[in-house]
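First up is the structure itself, then whatever we jot down about it.
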Amino acid sequence: MTISENVADVLTNVANTETQTGHKTTVIGVTKYVDADQARALVEAGITHIAENRTELFLDKQEKLSDLSITWHLIGTLQRRKVKDVINRVDYFHALDSIKLAHEIDKRANHVIKCFLQVNVSGEASKHGFSPDELAVVLPEISNLSKVEIVGLMTMAPIDASEAELGDIFDKAKSLQMVIASQALPHIPCTELSMGMSQDYQQAILHGATFVRIGSKFFK
């Protein structure tokens with residue numbers, strides 16, 4: 001199948017799933033494994049939210065696709081020493097995983113940066129992010145940072161999770177998001193949920209995802 005056909009297939013699946021939830025979901029095209037030409041084809045097929053996971057790839061793609069209207073997402077771990085190079089060029093940052101990184105973003109940003117707090121809901125040792133138990137401590141501190149806006153939470157399920165496990169992880173993330181939103185902390189609206197990838201995006205939408213990050217489904 002072509003990229004255009006894959007896009008049409010994914011968007012149809014998303015639309016059909018949305019009818020069961022009553023909320024809209026933004027589809028993000030993850031282009032970390034493809035070149036700029038394939039990323040361009042994805043945008044031209046209708047996916048205008050594009051994500052990269054590494055600073056160098058992000059900057060390279062952004063330069064090569066500068067003639068296109070794209071909303072840019074940085075989804076990978078960001079080293080504090082690289083914040084100054086990239087943070088003012090992103091529209092959404094999905095991997096805010098430490099207080100020190102939040103302070104560095106606040107220091108380097110020249111405008112408010114829309115961030116997702118990365119939460120390790122599954123408890124996997126290999127995953128970055130805050131544990132749910134840490135949030136009560138870190139959120140008040142982050143709320144004091146005027147250049148960091150926590151628009152929502154981001155989480156990732158284990159690659160081999162069963163459907164029941166996926167539902168449990170996604171439901172826990174949704175519950176956390178709702179609790180945080182209800183607290184109405186400064187700079188922390190927390191109305192969004194970034195979760196779900198190529199293998200589980202439909203389940204994620206059913207459980208409350210408002211942003212899904214899809215890569216391989218577009219380029220298979």
Set Asp106, Asp133, Asp97: member being open to solvent by 70 Å² or more (accessible area, probe 1.4 Å) and either modelled with pLDDT of 95 or more or of a type outside the set (Phe, Trp, Tyr) (or both): Asp133
When residues of the range 147-157 are filtered for being in contact with a helix residue (DSSP H, G or I) (Cβ under 7 Å, 6 or more places away or on another chain) and either open to solvent by 10 Å² or more (accessible area, probe 1.4 Å) or not small (Gly, Ala, Ser) (or both), how many remain? 5
Just name the residue that is least open to solvent (accessible area, probe 1.4 Å) out of those in the range 53-64 that are outside any loop (DSSP other than H, G, I, E, B) and closer than 22 Å to Lys220 by Cβ. Lys61
Any hit, the range 28-37, residues being open to solvent by 70 Å² or more (accessible area, probe 1.4 Å), at pLDDT 95 or above and under 15 Å from the mean Cα position of the chain (by Cα): no
Residues in the range 83-90: is at least one surrounded by fewer than 17 Cβ atoms within 10 Å (Cβ to Cβ), among the acidic types (Asp, Glu) and touching a helix residue (DSSP H, G or I) at 6+ places or on another chain (Cβ under 8 Å)? yes
Matching residues, the range 66-88, being modelled with pLDDT of 95 or more, in contact with a strand residue (DSSP E or B) (Cβ under 7 Å, 6 or more places away or on another chain) and β-branched (Val, Ile, Thr): Ile70, Thr71, Ile75, Val86, Ile87
Where a residue in the range 34-55 is under 13 Å from Ile3 (Cα atoms) and its partner, wherever it lies, is open to solvent by 40 Å² or more (accessible area, probe 1.4 Å) and hydroxyl-bearing (Ser, Thr, Tyr), with Cβ under 8 Å and at least six apart: Ala41/Ser4; Ala45/Ser4
Mind listing whichever residues of the range 189-199 are in a loop (DSSP other than H, G, I, E, B) and buried (at least 22 other Cβ atoms within 10 Å of the Cβ)? Cys190, Met195, Gly196
Against the definition (open to solvent by 50 Å² or more (accessible area, probe 1.4 Å) and modelled with pLDDT under 95), how does Lys220 come out, yes or no? yes
Breaking point among (1) part of a loop (DSSP other than H, G, I, E, B); (2) in contact with a Lys or Arg (Cβ under 8 Å, 6 or more places away or on another chain), for Ile50: (1)
Which of the residues that make up the range 158-167 are surrounded by 16 or more Cβ atoms within 10 Å (Cβ to Cβ) and part of a helix (DSSP H, G or I)? Leu166, Gly167
Can you confirm whether Ala164 is modelled with pLDDT under 95, more than 16 Å from Leu101 (Cβ to Cβ) and over 18 Å from the mean Cα position of the chain (by Cα)? yes
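Results for (1) outside any strand (DSSP E or B); (2) without any contact (Cβ under 8 Å) to a residue 40 or more places away in the chain; (3) among the small types (Gly, Ala, Ser), shown as yes or no for each residue.
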| site | (1), (2), (3) |
| --- | --- |
| Ser66 | yes, yes, yes |
| Lys84 | yes, yes, no |
| Leu101 | yes, yes, no |
| Glu124 | yes, yes, no |
| Ser146 | yes, no, yes |
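The values are calculated or read from the model by the stated rules, or taken from the named source; none is laboratory data. Model, not experiment: these values are computed from the prediction. Every residue, glycine among them, receives a Cβ derived from its backbone with ideal geometry; neighbour counts consider all protein chains shown. We work out accessible area using only protein heavy atoms, side chains counted, and drop any ligands, DNA or RNA first. Shrake-Rupley method; radii C 1.70, N 1.55, O 1.52, S 1.80 Å.
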